[in-house]
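Please read the structure below before turning to the comments.
The values are calculated or read from the model by the stated rules, or taken from the named source; none is laboratory data. All of these numbers come straight from a predicted model, not from anything done at the bench. Neighbour counts run over all protein chains shown; Cβ positions are idealised from the backbone, glycine included. Ligands, DNA and RNA are excluded from the accessible area calculation, which covers all protein heavy atoms including side chains. Shrake-Rupley method; radii C 1.70, N 1.55, O 1.52, S 1.80 Å.
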Amino acid sequence: MQKLIVSALAAVMALSASAAKKSAAKLQFDASKGVAGSVEMPSGRVNYTAYTRLYFVTNVEDTTYQYVNVFVPEGATQQSPIFLKTNVGGYMPSAPGYPSAGDATGMALQRGYVVAIPGSRGRSSYVTKGKKKIYNGKAPAAILDLKAAIRYLRYVDKEMPGDAEKIITDGTSAGGAMSALMGATGNNPAYDSYLKAMGAADERDDVFASVCYCPITDLSHADMAYEWLYGQTDSRKANDEAHRQVTKELTALFPDYINSLGLKKKDGTLLTADNYLSYIKEELIRSAQIAKDAGATIPDSIGFTISSDKGTFAPINGGAGLPDLSQLPADMAKNLKEGKLPPKQVGEYVTGLDMDKYLNYVANKTPLKSAPAFDALGVAGNEASGENDEFGDVNNTPANFTDYSASKNGKTVSAKVKEEEYLLNPMEQIGQQGVTVAPHWYIRHGSIDRDTAFPVALNLATKLENEGKDVNFLLAWNRPHSGDYALNELFEWLAKITK
Ligand code: DHB
C-alpha cells in the first residue's frame, strides 16, 4: 500500500514537473557533459557523443518539449554541417528523441554531420494553472520552439561542434511544414516578440538548407487546391449534394489564388489557372520518366502514354516540335539538343498522361479526405480537423482559419487566427522584406500522396525557384504520404551543397 502511494505520488510529481515552469538565467552548453552512444547502421556502428536536455529558452514552460538533443559523431569538427531533424507529425507535440537508422538522422551521423533533434510543443500541449489546463502549444508554438532551437545552436556555436551557419532542417508532413517554415521565415521580425517573451537567444534564426517531405502547408489555400485537383474524380462525384456543392465552391476559388501568385515555369512561362494542370502533368511525366529510366514499370492502367519509338519524339507538352528539354533526364536532353537520336539505354519515353485517369487512380488508392480537406465546416462539434485544433485557443476550442469555412459557419476568421495562419505559412513570407530565406531546398511530395494536393508542394518549390533559390523538387514516383526516403540521393545532394 505504502509503495503504491509513493509511486502514485511520484507519478503526480513527475507530471507536475513536466508542466512546471523552469527559469534558467542563461542558456547553457557544457561540452564536458557529453555521453557516449551509438546507432547501428546497416553498414556498421556509428559512435557519437550525446548532449541531451539542452533547454533552448530561459522561460521554459514545458520541460518535456522545449529542449534539443545534440549528437556529435566521431570526427565531427566546428565545420561539420548540422542536420536538424524535427519529428513533428500531425501538428502534435514532439519530444526530442535519439538518432535512428530508420530515418535520415542515422545516415546524417554516418556522413559526419552533427545531428540536432529539437522538441516542440504542439496542438495538444498544455500547462496547468491551478485546476485549469492552459493550451499553450497551438499555432504558432511549434515553429517558435524550433526557431528558438536554431537561435540556441547559434548562441553556443563556438563551444559546440558543428557549424550553425550550415544548418539543414528536415521534416515530414506537418514536420515538412515546420522544415519549410524554418527555411522560409528566417529572421522575420513578426516572430520577435514571441521569441523574446520565451527567452530565446537574441540571435539570427535563418538556416542554410531546408529538406521538406510532403509538407502539409499553405493551410489557408490547401482546401481550394484539393477540390480543384480532385473535384472531378469519381469519388467526389459520388458525394452527396451538400459536399458536391462545397467541392464546386472551393474549386471556383483556386483560379484567383493561382493567378495571384504570378508564378513562372523554368522557361519563363507565366503559370495561370489555364495552364497549371499541364504543369502538374509535366511534373508527373518527369517523375515517371525518371522512375522508368531507373527500371520501374509504369502500368498502362494509370494513364501514362509510353512511346518506344526511338526515332519520333512525341512532344511532352502536347504541342508540336521538341519536348521541353528541362522535362527530360539530362543525358536525353543533351543528345536531343545536339540533334542525336536518344541514347540506346533509354529505349522508352513517357510522352503523355491522361490526368483524369491518373487522379482517379490516386483517389482510389487512398480515399480522399472529405470536403473541405482541412478546414472543417462542423468545427464546433467533433468534426474538427487536426488543423482546426492547431488554430484552437488556450481553452482547446478549435477554430476555422479560412474565410470560406468560417463564413459557412456564420463567422469570420479572427485577427488573432489570421496572424497565426501567417506565422504558419511559408508561402506568404518568401520574398518579403526582412525575411532571410534558405538558399537551398530539397522538396519531395509523393506521386500517390493525397494528404494534400500537388499544388501545395509545387507552388512552394516554384515560388522559391522564382526567388532565385536552389530548388531540388520532385513528385517522387509511387511514394505515398511519407518521408526520409531515397536517402542516398538526398545525402549526395547535401554533399554537393555543403562542400
Ligand atoms: C499530417 C497529415 C495530414 O494529412 C494532415 O492534414 C496534417 C498532418 C501529418 O502526417 O503530419
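Values as computed for the structure displayed
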{"item": "Mean ellipticity per residue at 222 nm, deg cm²/dmol - from DSSP H runs of n ≥ 4 across the chain, formula -39500 (n - 2.57)", "result": "-11000 deg cm²/dmol"}
{"item": "Mean Cβ neighbour count within 10 Å, used as a protection proxy, ranking 40-46, 77-83 highest first", "result": "77-83, 40-46"}
{"item": "Rule-of-thumb Rg ratio for the chain [Cα; 2.2 N^0.38 Å; N residues]", "result": "1.03"}
{"item": "Distance between region 415-447 and region 216-293 - C-alpha centres, whole angstrom", "result": "19 Å"}
{"item": "For peptides 192-199, 174-181, sequence by mean Cβ density within 10 Å, most packed first", "result": "174-181, 192-199"}
{"item": "Packing-based ranking, highest mean first, of 205-211, 360-366 given that Cβ atoms within 10 Å are counted", "result": "205-211, 360-366"}
{"item": "Arg450 long-range amide H proximity, modeled H, under 5 Å", "result": "His481"}
{"item": "Share, in percent, of DSSP beta bridges within the chain that are antiparallel, nearest 5", "result": "55 percent"}
{"item": "For region 121-126, Karplus couplings with θ = phi - 60° (6.51, -1.76, 1.60), whole Hz, Gly/Pro x", "result": "5, x, 5, 9, 6, 8"}
{"item": "Surface per residue (accessible, 1.4 Å probe) for the chain, Å²", "result": "42 Å²"}
{"item": "Integer Hz, Karplus 6.51/-1.76/1.60 couplings in order for region 439-453, x for Gly and Pro", "result": "x, 10, 9, 10, 10, 10, 9, x, 6, 10, 8, 10, 5, 9, 7"}
{"item": "Ser100 long-range amide H proximity, modeled H, under 5 Å", "result": "Thr105, Gly106"}
{"item": "Under 5 Å, built H, 5+ apart or other chain: amide partners of Arg123", "result": "Met92"}
{"item": "In sequence order, calculated HN-Hα J values of region 246-261 (Karplus, 6.51, -1.76, 1.60; Hz; x Gly/Pro)", "result": "4, 4, 4, 5, 5, 4, 5, 7, 5, x, 4, 5, 5, 5, 5, 6"}
{"item": "Accessible carbon and sulfur surface of region 382-499 relative to its total accessible area, %, 1.4 Å", "result": "46 percent"}
